[in-house]
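Single-structure report; data block below.
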Amino acid sequence: MRIKSVLAALVLALIPATAPAVATAAANPHERGPAPTAASVEASRGTFAVTSAAVARQSNFGGGTVYTPTSDLTFGAIAVSPGFTATQSSVAHFGPRLASYGFVVITINTLSGFDDPDSRGRQLLAALDYVVRTNPRVDASRLAVMGHSMGGGGALRASATRPALQASIPMAGWHTTKNWSTVQVPTLVLGGQNDPTAPNSQHSTPFYNSITAAPDKAFLELRGGDHSAPRSDNVTVRKYTLSWLKRFVDDDLRYDQFLCPAPAPNTLISAYRDTCPHA
């Protein structure tokens, strides 16, 4: 009898130790990859192997490339648009990098290099609908958009059109509309301090200030950056785009440490504003 009592006590003692781990996993089923570090969020690649597949021109967007993590899991999906006269090659680096951290990514060509921002917004949504329809690894409830220049304006328009999106990142966004008070999607606005094409005072800053309905938003200004800097493959863009997408597409609170508290201006960042705390 004494042996049975001892065994019962041991079993009861083990239950509290194992229960929290089970509860944590159940509370965040979308975590993908190991716990992030200061080095990992700036690295060129994450831990997932990645496959890519070309997408032919479609009736509602100009085709592109889909990057998919090699895994049996499901993932959030991100569509990325280039800017005026540009092709997917200008944003291609986002595809394999973000996919290696656990996202399905489609970098798109637009129907015309001269498509306006609103057209690019419609094409971003069409590209997301395409990967939802054709890629079994995509979780249709976790979708996001990114874009550079007029593609950034397209990301804003896509967010206003489809409030169910989980995240939006306009990079050096350009749009004649300055008021985005209807946007409800968590939005990270990236701008270059010395952008002559889409000056922050006329574009990124009023965009950020007008987004009043979104639960979370941030504005990052790259010190000395020109128009192309916010879409460049540099450690600052890597760190904050990845952290934003992980935090809001995957609801991965492990990445909040890189967003909140908001970073102070430094040699790489000339300004940063945020609605912290996110959690």
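Partner aspartates and glutamates whose Cα lies under 12 Å from the Cα of Lys239, excluding those fewer than 8 positions away in the same chain, are identified as Glu42, Asp256. Computed with every protein chain present, the accessible area of Asp129 is close to 60 Å² [probe 1.4 Å]. Computed from phi, the 3J(HN,Hα) profile of region 32-43 under the Karplus parametrisation 6.51, -1.76, 1.60 (θ = phi - 60°) reads 10, x, x, 4, x, 10, 4, 6, 5, 6, 9, 6 Hz, with x in place of Gly and Pro. Largest mean-square fluctuation among Gly147, Gly225, Gly76, in a Gaussian network model of the chain whose springs join Cα atoms under 10 Å apart, belongs to Gly225.
The residues of region 38-274 expose, per residue, 35 Å² of accessible area to a 1.4 Å probe. Please check: in the Gaussian network model of the chain (C-alpha springs, under 10 Å), which one of Leu259, Leu188, Leu156 has the largest mean-square fluctuation. Between Leu259, Leu188, Leu156, it is Leu259 that shows the largest mean-square fluctuation.
What is the chain's relative contact order, in percent, from Cα pairs under 8 angstrom and six or more apart in sequence? Relative contact order for the chain comes out at 15 percent.
Once both labels are positioned 7 Å from their Cα atoms along Cα-to-Cβ, the gap between Val235 and Thr267 label points is 0.9 nm. Considering helices alone, the calculated mean residue ellipticity of the chain at 222 nm is -10000 deg cm²/dmol, with DSSP H runs of length four and up weighted by -39500 (n - 2.57) and normalised per residue.
Here the accessible area is traced with a 1.4 Å probe on the protein chains. For the chain, carbon and sulfur cover 59 percent of it. Once Rg/Rh (Cα atoms, Kirkwood Rh) is calculated for the structure shown, the corresponding label among (1) 1.12; (2) 0.96; (3) 1.06 turns out to be (3).
Among Thr110, Thr187, Thr47, the largest mean-square fluctuation in a Gaussian network model of the chain, built with springs joining Cα atoms closer than 10 Å, belongs to Thr47. Enter the Cα centre distance for the pair region 51-98 and region 106-176, rounded to the nearest angstrom. Centre-to-centre distance over Cα atoms comes out at 11 Å.
The values are calculated or read from the model by the stated rules, or taken from the named source; none is laboratory data. What you see is a predicted model, and the numbers here were worked out from it, not measured in a lab. Cβ coordinates were reconstructed from backbone atoms using ideal geometry, including for glycine residues, and neighbour counts include every protein chain displayed. These accessible areas exclude ligands, DNA and RNA; they are computed on the full protein's heavy atoms, side chains included. Shrake-Rupley method; radii C 1.70, N 1.55, O 1.52, S 1.80 Å.
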